Structures are given as structure tokens and as C-alpha cells.
Amino acid sequence: KGLTKQASPLEVRFVSDTDNAKAYLMGNNGSSEVQAIPNSSGVSFVEVTGSGNVMVTSITKSGKAVHSRNSILSETLIPSQYYGNCVIR
């Protein structure tokens, strides 16, 4: 349908365990391990769901973020992308 502005923000939370070199996506139903891929300008987190769908969140060092979902359900493509800002705590 094109670009739309969401009424409420999408919140995605990541926890980085630097001691064990692991990263986790925190959700309503617990957490799942994701792959953290750093680069000179930021980091990308890649999640592969149990059904094989791929979600990627990229965050710049200044906190700008994009979250992309590439899902397939019953042979139907369900893409979505969200832009926003990240708060590091």
C-alpha cells in the first residue's frame, strides 16, 4: 500500500552480551538469539525465525535505525520496513 506512518512506534529491544559475544532480541514471549554484525558505522542484528523468515535491524552509531521483515506465509510475501531511532541503555 506504500508508505504510511504508524500511530504507535514499533519497539524492538536487543541485549548484547559482550562477555560471551552473543546478542539477543527481547520480546513479549522471551528472547531469541540473533547474530550481531558490526561494521565501522554501526551494527546489524539478523534474526532467522523458527519458520525461516528473516528479520534485520540495522543501527548507526548515531542511533538511526531501520527494521526490515521479509516473511513468507502460505506462499505470500509479507515485507515490512520501519525507520526510527535507537536509544542505547
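The values are calculated or read from the model by the stated rules, or taken from the named source; none is laboratory data. Since the structure is predicted, the reported quantities are computational estimates derived from the model, not experimental observations. As a convention, Cβ positions derive from the backbone with ideal geometry for all residues, glycine included, and neighbour counts pool all protein chains shown. In case anyone asks, the SASA skips ligands and DNA or RNA and just uses the protein heavy atoms, side chains included. Shrake-Rupley method; radii C 1.70, N 1.55, O 1.52, S 1.80 Å.
Heavy atoms of the protein chains alone define the surface here; on that basis the chain has 81 Å² accessible area per residue at 1.4 Å probe size. You can think of it this way: the chain between SER68 and ASP19 has 14.9 nm of extra reach, that is 0.36 nm per residue less the Cα-Cα gap.
Relative contact order for the chain: 14 percent, from Cα pairs under 8 Å spaced at least 6 residues apart, divided by residue count.
Out of the chain, which GluC sites (Glu not before Pro) are coil in DSSP terms and have no more than 16 other C-beta atoms within 10 Å? Of the GluC sites (Glu not before Pro), the ones in loops of the chain whose Cβ has at most 16 other Cβ atoms within 10 Å are GLU11, GLU75. Whenever you get a sec, compute what percent of the accessible area on the chain sits on carbon and sulfur atoms (1.4 Å probe). Using a 1.4 Å probe with all protein chains present, the chain comes out at 52 percent carbon and sulfur. Compactness of the chain is given as radius of gyration and Dmax, 13.7, 43 Å, from Cα positions.
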